[in-house]
Amino acid sequence: MSILQLLLPAFVASLILTGIHAYLGVHVVERGVIFVDLSLAQIAALGTTFAYLMGYDLHSTAAYLFSLGFTFLGAAIFAFTRVHHKTRIPQEAIIGIVYAVSAAVAILVMSKATQETEHLKDMLVGNILSVTWPELARTAVLYSLIGAFHYVFRERFLLLSMHEREAVRRGINVRLWDFLFYISFGFVVTSSVAIAGVLLVFCFLIVPSVAAMLFAEKLGTRLAIGWSLGALVSAGGVALSFYIDLPTGATIVATFGLALLLLALVRKLFFRTGREAYPDRQEIVEADFPQLSRDATR
């Protein structure tokens with residue numbers, strides 16, 4: 001019973017993180033900004049670092065607000081630097097620069113604080129075993145609100161991620177809705193990093209979505225696969241870390257990597273390969289947006 005009481009909050013936290021991040025991962029992969037979550041997570045960690053240096057507890061409301069403010073700044077940068085035409089500087093380059101600078105500044109700031117090594121470790125892999133039930137409840141409520149927001153405006157967000165030209169044709173304010181997307185993303189990342197750390201948050205976002213893309217193209221199927229994979233891998237990682245006595249966050253990250261490798265091998269050995277295995281991009285768009293005619297999305 002004591003083992004269950006210790007591991008259950010971490011497992012529930014993993015389920016909550018999987019639920020929202022697997023969905024957001026679809027958008028991130030479709031937009032081709034794979035490292036935006038890693039960059040936003042590092043910006044959130046930088047905000048927490050500044051709060052810590054100013055004397056606030058890492059899990060205090062003040063530290064959360066610092067982190068959220070920094071994340072909003074990053075959201076604005078990414079929303080207004082999105083490339084809407086062919087350019088010599090891809091947005092992924094900007095995202096990488098922001099990540100590198102944020103990580104470097106965090107290290108510089110922590111060099112002036114005590115216990116800097118422990119804090120840097122927490123930034124990277126977190127301490128998901130220390131999560132409390134009240135913290136989980138607040139996080140679940142926040143993610144539910146973010147999920148409801150995305151559900152209400154799902155067509156606009158999906159169009160922007162999967163078929164930007166159609167969004168422009170409809171007169172949607174691309175920069176405004178990009179900003180709203182990244183702001184909602186920022187709320188999620190800020191809370192997630194406080195629980196799980198930068199690397200684990202990145203894995204929850206990208207690995208389930210990429211694994212789902214190996215076997216499905218329709219949005220609903222990809223979400224189902226991503227959520228299932230996230231739940232199973234999280235449970236396995238939490239249990240493995242306990243029985244082998246390893247850091248939980250790092251173990252889950254490694255388990256995600258192993259699971260993706262195994263699924264890629266299964267895809268290679270037992271499923272069709274080549275062009276015939278992948279539907280035409282137009283068919284994918286029309287499957288998720290049946291109201292769009294072939295002429296409108298051409």
Under a point spin-label approximation (7 Å from Cα along Cα-to-Cβ), what is the His59-Arg165 distance to one decimal in nm? 5.1 nm
Extension gain from Phe270 to Ile107, taking 0.36 nm per residue of separation minus the Cα-Cα distance: 54.1 nm
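Using unit Cβ charges (K, R positive; D, E negative) and no other charged atoms, how large, in debye to the nearest 20, is the dipole of segment 189-276 about its Cα centre?
Details: 6 positive and 3 negative charges, 76 e Å.
Charge dipole, segment 189-276, about its Cα centre: 360 debye, nearest 20.
Computed from the coordinates by the stated procedures, all read-outs in this text should not be read as laboratory data. In this text the structure is predicted, and so the values were computed from the model without any measurement. Cβ: placed from backbone, ideal geometry, glycine included. Neighbour counts: every protein chain shown.
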